[in-house]
Amino acid sequence: MGGRRGDWSKLDETDVRVRPGKSTRPRSKRRPEHADAVTAMVVGKDRGRWTCAVDRDPDHLVIAMRARELGRTSVVVGDAVDLVGDTSGKPDTLARIVRVSERASVLRRTADDTDPFERVVVANAEQLLIVCALADPPPRTGFIDRCLVAAFSGGLKPVLCLTKADLADPAELLAAYAELDLPVVISRHDEDPLDIHDRLHNRVSALVGHSGVGKSTLVNRLVPNAARAIGVVSAVGKGRHTSTTAVALPLPDGGWVVDTPGIRSFGLAHVEPNDIVAAFEEFVAPAEECPSGCGHLGGAEDPDCVLDSVVEAGEASVGRLTSLRRLLASKAGADEHPA
């Protein structure tokens, strides 16, 4: 054998071993199952790192990064995720997010009504508290309407939260939304917000409102240690304040409040008219009989809209159709008091 190896003229194919290069090796499409992953809720995000509450336990916070196999999968506050790696939550440890569960609801917005890029602000919130001051600043119905549209289209239950009731009577504003049958909670600076606390108990609730309406004050009253909790989440990065991002805060008696940053506009470019109609049960089936592309506004804009016939037949009230069309006009950017 040794002589044969030395004589190259006597070699045959059995003496040659061909090792495939890396580029020709078949790649497996299988991904790790991560059977040992733990579930958690995302409660904060900062600079490519997410703070997650394991099993929704506010005392078990873990810092995590997005696993490579997730690619550019969106991960936002409220998402239910699976974590692997070091999930102890000890200082200087880092876990990996390997799965993001399907979202039950989403609060989305665009920068304006012409922006095609939608942003998911919060995932999996059960309800949206639309925080509006009754005075200083005065209420803006255009903003309320747009938030209602976002809630209806995203699968959240809208709740109208009126602050500063010690400065103005809420009756006039409430009358404008009477036909929508919205839950309403009211707060004033000289009383504890007990009704609001009851509404939030054991639920995941997102709060949205303009700067100055008292949203931060309300959050601080609902979550006495809110400043400390926000500080823990913001420590994910380098101490940057989290007023520009959403953060989920645990309520003392159960539940979570997702505090969103004060916003100047609420774009609805991602919303279709039928997304809004879906919140008005009596108009859903008739809307399917409308011409293609109908915006359901009636009048000169949509002269062949079928929804008027529903009112004429006595199957819906004029007020309900008026409320629906006001929301549709808000989505179309034709609201009287723009956000």
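The values are calculated or read from the model by the stated rules, or taken from the named source; none is laboratory data. These numbers come from a predicted model, not from an experiment. Because the Cβ atoms are built from the backbone with ideal geometry, glycine has one as well, and the counts that use them run over all protein chains shown. Remember, those area values only see protein heavy atoms, side chains included, never the ligands or the DNA or RNA. Shrake-Rupley method; radii C 1.70, N 1.55, O 1.52, S 1.80 Å.
Please specify each residue of segment 301-336 satisfying the condition of being over 30 Å from the mean Cα position of the chain (by Cα) and part of a helix (DSSP H, G or I).
Within segment 301-336, 307, 308, 309, 310, 311, 312, 318 meet the criteria.
Is one or more of the residues making up segment 160-171 closer than 23 Å to residue 328 by Cα and charged (D, E, K, R)?
Taking every residue of segment 160-171 in turn, none turns out to be closer than 23 Å to residue 328 by Cα and charged (D, E, K, R).
Restricting to segment 250-300, and then to whatever is within 26 Å of residue 131 (Cβ to Cβ), at pLDDT 90 or above and among the acidic types (Asp, Glu), can you tell me which residue is farthest from the chain's Cα centre (by Cα)?
The residue in question is 253.
Consider only pairs whose beta carbons are under 7 Å apart and that are at least six residues apart or on different chains; among these, list those whose first residue lies in segment 285-305 and is at negative phi and free of Cβ contacts under 8 Å to residues at least 12 places away in the same chain and whose second residue is assigned to a loop (DSSP other than H, G, I, E, B) and open to solvent by less than 60 Å² (accessible area, probe 1.4 Å).
Listed by first residue and then by second, the contacts come to 301/295.
Which residue pairs have Cβ atoms closer than 9 Å, lie 6 or more positions apart in sequence or on different chains, and pair a first residue in segment 192-206 that is without any contact (Cβ under 8 Å) to a residue 40 or more places away in the chain with a second residue that is open to solvent by less than 70 Å² (accessible area, probe 1.4 Å) and part of a helix (DSSP H, G or I)?
If the second residue must be open to solvent by less than 70 Å² (accessible area, probe 1.4 Å) and part of a helix (DSSP H, G or I), the pairs left are 193/218; 193/222.
Just to be sure before I move on: is residue 74 at pLDDT below 95, within 24 Å of residue 207 (Cα to Cα) and not in a helix (DSSP H, G or I) in the structure I sent?
yes
Which residue is modelled with the lowest pLDDT, if the candidates are limited to segment 210-243 and must be among the hydrophobic types (A, V, I, L, M, F, W, C) and not in a helix (DSSP H, G or I)?
It comes out as 236.
Can you pull out the residues in segment 121-145 that are among the acidic types (Asp, Glu) and either open to solvent by 10 Å² or more (accessible area, probe 1.4 Å) or assigned to a strand (DSSP E or B) (or both)?
Those that are among the acidic types (Asp, Glu) and either open to solvent by 10 Å² or more (accessible area, probe 1.4 Å) or assigned to a strand (DSSP E or B) (or both): 126, 136.
Might you let me know whether segment 158-176 holds any residue that is under 12 Å from residue 279 (Cβ atoms) and either assigned to a strand (DSSP E or B) or modelled with pLDDT under 95 (or both)?
Yes, segment 158-176 has at least one match.
Suppose we keep only residues that are among the small types (Gly, Ala, Ser) and open to solvent by 20 Å² or more (accessible area, probe 1.4 Å) within segment 166-195. Which one would you say is nearest to residue 221 (Cα to Cα)?
It comes out as 168.
Which residue pairs have Cβ atoms closer than 7 Å, lie 6 or more positions apart in sequence or on different chains, and pair a first residue in segment 36-54 that is within 14 Å of residue 86 (Cβ to Cβ) and part of a strand (DSSP E or B) with a second residue that is modelled with pLDDT under 95 and of a type in the set (Val, Ile, Thr)?
49/236
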